[in-house]
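A short write-up of the structure that comes next.
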Amino acid sequence: MKRKLAAGNWKMNGTGADLAELARLVSAHPDPACEILICPPATLVHRAAGLSQGGTLKIGGQDCHAAQSGAHTGDISADMLRDAGASHVITGHSERRQDHGESDAAVRAKSEAAIAAGLVAVICVGESLEQREAGQTLAVIGSQLEGSIPDGITGDSVVIAYEPIWAIGTGKVPTVEQIGEVHGFMRDRLAERFGRSVAGAIRLLYGGSVKAANAAEIFAVGDVDGALVGGASLTAEDFSPIVAALEASS
């Protein structure tokens, strides 16, 4: 049976001193009923992995290059992340798609590299406010799923995160009906492509202004298997109640 997943994306935040938050998080959830993943900046992955208490807390990267190695100054490969102790890597986050012009094909190539290196690819999809208001949400999500997800995936190799761009860091959250519609659509699309068994094993996360005050309501939505959390994951004080809400729904 798949375990639900509470994932935290620290983005470009955190130095060595902030690793104390991981110890506080592990102390608050020594035997969690769900998986807990923190994706710190690449500079902290190795040290964070050393604090993961034998795997109680999983550590991931925020991005990886599609190539295994080469002349790519400033980039980091999936193999390097794995060597540093990571078990997961985020691919296709909207901030990468927007700020760095990453296409679905680029996200797919990175996800393939992640899986080949033995990492779980946390593949992100999501629509803009303009696309939502134009009634294009499901068409956009369907296209991103088709273009970004590699062939031959399993529930152990991929996690899908739905992050509506207009809800990230804004405090705006879709209604539970809107979240349920998109997550149900994603599950159906995955079933059409990979079969119902594989689709049922893939964890679907919701991301976008998730916080302690709304976590339980979001986790009660069908086909929501956890969350990808941004700012609220930076401290154990803010992230722990979200983890607790997911444990309660497990």
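Some points to look at:
- When restricted to residues that are of a type in the set (V, I, T) and touching a residue at least 40 places away in the same chain (Cβ under 8 Å), the stretch 65-79 contains 0.
- If you go through the stretch 2-55 and keep only what is over 16 Å from the mean Cα position of the chain (by Cα) and at positive phi, you end up with G14, Q53, G54, G55.
- Some residue of the stretch 192-202 being crowded, with 23+ Cβ neighbours inside 10 Å and either over 15 Å from the mean Cα position of the chain (by Cα) or closer than 22 Å to V120 by Cα (or both): yes
- Test result for E146, surrounded by fewer than 19 Cβ atoms within 10 Å (Cβ to Cβ), modelled with pLDDT of 95 or more, among the charged types (D, E, K, R) and over 17 Å from H65 (Cβ atoms): yes
- Residue within the stretch 183-191 that is surrounded by 15 or more Cβ atoms within 10 Å (Cβ to Cβ) and assigned to a loop (DSSP other than H, G, I, E, B) present: no
- Looking only at the stretch 185-236, and only at residues there that are of a type in the set (S, T, Y) and out of contact with any Phe, Trp or Tyr (no Cβ under 9 Å at 6 or more places or on another chain), the one that is farthest from E163 (Cα to Cα): S197
- Each residue in the stretch 10-28 was checked for being part of a loop (DSSP other than H, G, I, E, B) and within 14 Å of T235 (Cα to Cα), and 5 pass.
The values are calculated or read from the model by the stated rules, or taken from the named source; none is laboratory data. The structure displayed is predicted, hence computed values, not measured ones. Note: ideal-geometry Cβ built from the backbone for every residue, glycine included; neighbour counts use all protein chains shown.
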